[in-house]
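The values are calculated or read from the model by the stated rules, or taken from the named source; none is laboratory data. Just so it is clear, the model here is predicted, and its values are computed rather than measured. Here the Cβ positions follow ideal geometry from the backbone for every residue, glycine too, while neighbour counts run over all protein chains shown.
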Amino acid sequence: MPAASAVVSAPRARAATFRGARRGTALSLGFVSTFLSVIVVLPIAALMWESKRNGAHTFWQVVSSPEARAALELTLGAAVGVALFNAVLGTVTAWVLVRDDFRGKSLVNAVIDLPFALPTIVAGLTLLALYGPHSPVGVDVAFTRVAIGLALCFVTLPFVVRTAQPVLHELDREMEEAARSLGASDFTVFRRIVLPNILPGVLSGMALALARGVGEIGAVVLISGNLPYRTEVSSVFVMNRIESGDPAGASAVAVVLLVVSFALLLAIGGVRYLVTRFDRA
Amino acid sequence: MRRLGPRLVALSYLTIILLAPLGMVFYRTFEHGVAPFWHALSNSETVHAFKVTLLVTAIAVPLNTVFGVVAGLAIARGRFRGKGFLNAFIDLPLALSPVVVGLSLYLLYGRTGWFGSFLNRHNVQILFAWPALVLATIFASVPFVAREVIPTLRELGDEQEQAARTLGASTWQTFRRITLPSIRWAIVYGVVLTTARCLGEYGAVAIVSGRIVGKTETATLRVEDSYQNLDTTGAYSVALVLAAIAVAVLVIMTLTKPKEQSV
């Protein structure tokens, strides 16, 4: 009887489907972990292994050598400075994009993403065209530390804007109006109402900008001149070590960069966790 | 009045950092007309560099797209141990210096690396050849599709998918008929970002390519090479083509993003 067999087979079919779903999950998990292992985990493991094989002594010797230390200090200093600079100007830009209204605003909004889309080496070259040796405006910062700051500002420009913007957009304006009607000045409203709300967004944007700044090479390599002790950033140091046949030296500094990246990812995850916990409470 | 101050600050910042330098490159490229631009681009080494970049992108983007969708589904829908770890790990290439990526591959596939002697014995060239370029590019652009797909899937919820399941649809049918149509703009957006990153990757590629002109040199390396050899017109021309692609990417991003938000 066809009807009866249909009734009997329906649950069985469903069970088969769910078994299929579970098999699908297992299959996709297998694919995802294999892909990640081959592409990401294996190379990173090779780096760690190389560093471990050279021993802690070599590691410290390289990292504390004057040239490596100068490069690391310069990189961290520049990245922190640029992240702070971004926190201010990124917030202002996000504020303008959300609260202000003027002709061409949507165009400005689109342009913010340009540094994400533009190849970093092109970013460096464009800065060099305007602020390099043949500068038409008479500003030549090539081969100085200012140039490094400029290059990092270029590539990290979107981060704080893009993390602060949605929060600012969602922000309830009644709070601000209430504060203002109670006599708070613009600055007080910003400091006591707006800033605490957008701070998590600004912080995660800063962490992303910091990570980007610490690792950046393409935008920096042409304009900084890569002078050891003066304008050589860590990533350029690593590249120079590889090219001069010193993988041990390269890996030591690369491990430092890797640890910084991990730490910043953890920090971003931490901020995200705190925000969601705060929202639930 | 109150708004004029911030507006002025934001717009001058954008102009100084972003727009004025870009305009300058544009001006310098076409300072002496279009002829030097075409001449620089039709250089056989430049043409080859663009071909290498396109080949690498053509391999890396589809692989990363498939990975991104599958990983996005697993993270947004699956329940398994280590999900948080996987979620965090996918982000790693975003925070990692491209140089670290390049060095890692160099250490893995180089002569003294783990696979070095094996590859050498079987006469397989990975480092300083196109496979390394592909591996470096995939590494650097792994997260983009998954990062776009995951929030969209979460927002969507899985009610429709469960409904399809109860009606007897298979996993594949549910994916193709229900899930895929609702995340397609997220995928497009992710693919666009991935493509931009693949075309523009410099740091990781610079280390593993060996910079063999006419063989493993990509477009971004060509920019640097031309500039170092005092061929500024050549460097500006290649840079301008890459910048034009970036602007095209930006236009596609702006066009696809609102659709995504209105869903």
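Identify, from the list B:Thr220, B:Thr179, B:Thr233, B:Thr256, the residue that is at pLDDT 90 or above, within 22 Å of the chain's Cα centre (by Cα), in the same structural domain as B:Val52 (by TED's automatic domain parsing) and in a helix (DSSP H, G or I).
Details: B:Thr179 fails: within 22 Å of the chain's Cα centre (by Cα); B:Thr233 fails: within 22 Å of the chain's Cα centre (by Cα); B:Thr256 fails: at pLDDT 90 or above.
The conditions single out B:Thr220.
Run down B:Ala74, B:Ala88 and say which single residue is part of a helix (DSSP H, G or I), touching a residue at least 12 places away in the same chain (Cβ under 8 Å) and either facing another protein chain (nearest Cβ under 7 Å) or among the small types (Gly, Ala, Ser) (or both). Steps first, please.
Numbers: B:Ala88 fails: touching a residue at least 12 places away in the same chain (Cβ under 8 Å).
Only one candidate passes the filter, namely B:Ala74.
Okay, residues lined up against (1) facing another protein chain (nearest Cβ under 8 Å); (2) surrounded by 24 or more Cβ atoms within 10 Å (Cβ to Cβ):
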position: B:Leu94; (1), (2): yes, no
position: B:Ser97; (1), (2): yes, yes
position: B:Val100; (1), (2): yes, yes
position: B:Ser104; (1), (2): yes, yes
position: B:Trp130; (1), (2): no, no
position: B:Phe139; (1), (2): yes, yes
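Take the residues of segment B:106-116 that are assigned to a helix (DSSP H, G or I) and more than 7 Å from every other protein chain (Cβ to nearest Cβ): which is surrounded by the fewest Cβ atoms within 10 Å (Cβ to Cβ)?
From segment B:106-116, those assigned to a helix (DSSP H, G or I) are B:106-109, B:116; that's our starting set.
Filter once more, keeping what is more than 7 Å from every other protein chain (Cβ to nearest Cβ): B:109, B:116.
Working: B:Tyr109: 26, B:Gly116: 16.
Once the filter is applied, the top-ranked residue is B:Gly116.
Could you tell me which numbered condition B:Val238 fails, if it satisfies all but one of (1) modelled with pLDDT under 95; (2) assigned to a helix (DSSP H, G or I)?
Answer for B:Val238: the failing condition is (1).
What are the pairs, 6+ residues apart or on separate chains, where a residue within segment B:19-44 that is closer than 21 Å to B:Leu230 by Cβ and within 11 Å of chain A (Cβ to nearest Cβ) has its Cβ under 7 Å from a residue that is in a helix (DSSP H, G or I) and among the polar types (S, T, N, Q)?
Qualifying pairs under 7 Å: B:Pro21/A:Thr126; B:Met24/A:Thr126; B:Val25/A:Thr126; B:Thr29/B:Ser237.
Of everything in segment A:242-254, what is in contact (Cβ under 8 Å) with a residue 12 or more places away in the chain and either on the phi > 0 side of the Ramachandran plot or buried (at least 23 other Cβ atoms within 10 Å of the Cβ) (or both)? Give them in sequence order. So that I can check it myself, show each step before the final result.
To start, the set of residues in segment A:242-254 that are in contact (Cβ under 8 Å) with a residue 12 or more places away in the chain comprises A:247-254.
Across segment A:242-254, the qualifying residues are A:Gly249, A:Ala250, A:Ser251, A:Ala252, A:Val253, A:Ala254.
Residue-by-condition table, conditions (1) within 25 Å of B:Pro93 (Cβ to Cβ); (2) more than 14 Å from chain B (Cβ to nearest Cβ):
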{"residue": "A:Val161", "(1), (2)": "yes, no"}
{"residue": "A:Ser181", "(1), (2)": "no, yes"}
{"residue": "A:Asn197", "(1), (2)": "no, yes"}
{"residue": "A:Val202", "(1), (2)": "yes, yes"}
{"residue": "A:Leu208", "(1), (2)": "yes, no"}
{"residue": "A:Gly213", "(1), (2)": "yes, no"}
{"residue": "A:Leu227", "(1), (2)": "no, yes"}
{"residue": "A:Met239", "(1), (2)": "yes, no"}
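Please work out which one of (1) under 23 Å from the mean Cα position of the chain (by Cα); (2) without any contact (Cβ under 8 Å) to a residue 12 or more places away in the chain; (3) outside the structural domain of A:Val260 (by TED's automatic domain parsing) is the condition A:Met48 fails and give its number.
(2)
Please state which one of A:Leu152, A:Leu107, A:Leu127 is within 7 Å of chain B (Cβ to nearest Cβ) and closer than 30 Å to B:Phe26 by Cβ. Walk me through how you get there before you give the answer.
Details: A:Leu152 fails: within 7 Å of chain B (Cβ to nearest Cβ); A:Leu107 fails: within 7 Å of chain B (Cβ to nearest Cβ).
Of the residues listed, the single one that is within 7 Å of chain B (Cβ to nearest Cβ) and closer than 30 Å to B:Phe26 by Cβ is A:Leu127.
Within segment B:125-136, does at least one residue satisfy the condition of being in contact with a helix residue (DSSP H, G or I) (Cβ under 9 Å, 6 or more places away or on another chain), modelled with pLDDT under 90, hydrophobic (A, V, I, L, M, F, W, C) and not in a loop (DSSP other than H, G, I, E, B)?
no
Sort through B:Val249, B:Val238 and tell me the only one that's surrounded by 18 or more Cβ atoms within 10 Å (Cβ to Cβ) and either more than 8 Å from chain A (Cβ to nearest Cβ) or over 17 Å from the mean Cα position of the chain (by Cα) (or both).
On inspection, the qualifying residue turns out to be B:Val238.
Give B:Ile212, B:Ile207 a once-over and let me know the one that is closer than 26 Å to A:Ser235 by Cβ and more than 10 Å from chain A (Cβ to nearest Cβ).
Residue meeting the stated conditions: B:Ile212.
Sort out which residues of segment B:1-10 are at the interface with chain A (Cβ under 7 Å from one of its Cβ atoms) and out of contact with any Ser or Thr (no Cβ under 7 Å at 6 or more places or on another chain), and write them in order of number.
Those that are at the interface with chain A (Cβ under 7 Å from one of its Cβ atoms) and out of contact with any Ser or Thr (no Cβ under 7 Å at 6 or more places or on another chain): B:Arg2, B:Arg3, B:Pro6, B:Arg7, B:Val9.
Does A:Phe102 meet the test of being in a loop (DSSP other than H, G, I, E, B) and at negative phi? I'd like the intermediate steps shown before the answer.
Details: in a loop (DSSP other than H, G, I, E, B): yes; at negative phi: yes.
Yes; evaluated as a whole, the condition is true for this residue.
Please enumerate the residues belonging to segment A:66-90 that are touching a residue at least 40 places away in the same chain (Cβ under 8 Å), closer than 29 Å to B:Pro6 by Cα and β-branched (Val, Ile, Thr).
A:Val80, A:Val82
When you go through A:Thr120, A:Thr93 one by one, which is the residue that is touching a residue at least 40 places away in the same chain (Cβ under 8 Å), within 7 Å of chain B (Cβ to nearest Cβ) and over 30 Å from A:Gly249 (Cα atoms)? Reasoning before the result, please.
Numbers: A:Thr120 fails: over 30 Å from A:Gly249 (Cα atoms).
Among A:Thr120, A:Thr93, only A:Thr93 is touching a residue at least 40 places away in the same chain (Cβ under 8 Å), within 7 Å of chain B (Cβ to nearest Cβ) and over 30 Å from A:Gly249 (Cα atoms).
Out of A:Leu150, A:Leu195, A:Leu168, I need the residue that is at pLDDT 90 or above, in the same structural domain as A:Arg99 (by TED's automatic domain parsing) and either hydroxyl-bearing (Ser, Thr, Tyr) or within 30 Å of B:Leu230 (Cβ to Cβ) (or both). Which one? Outline the logic, then answer.
Numbers: A:Leu195 fails: either hydroxyl-bearing (Ser, Thr, Tyr) or within 30 Å of B:Leu230 (Cβ to Cβ) (or both); A:Leu168 fails: either hydroxyl-bearing (Ser, Thr, Tyr) or within 30 Å of B:Leu230 (Cβ to Cβ) (or both).
Result: A:Leu150 is the single residue among A:Leu150, A:Leu195, A:Leu168 that is at pLDDT 90 or above, in the same structural domain as A:Arg99 (by TED's automatic domain parsing) and either hydroxyl-bearing (Ser, Thr, Tyr) or within 30 Å of B:Leu230 (Cβ to Cβ) (or both).
Going residue by residue through segment A:259-274, is there one that turns out to be of a type in the set (Ser, Thr, Tyr), at pLDDT below 90 and more than 17 Å from B:Gly102 (Cα to Cα)? It would help to see each step written out before you state the result.
Looking only at segment A:259-274, we keep the residues that are of a type in the set (Ser, Thr, Tyr), and these are A:261, A:273.
The next check asks that each one be at pLDDT below 90; those that pass are A:273.
Subsequent filtering for residues that are more than 17 Å from B:Gly102 (Cα to Cα) retains A:273.
Yes, the conditions are met somewhere in segment A:259-274.
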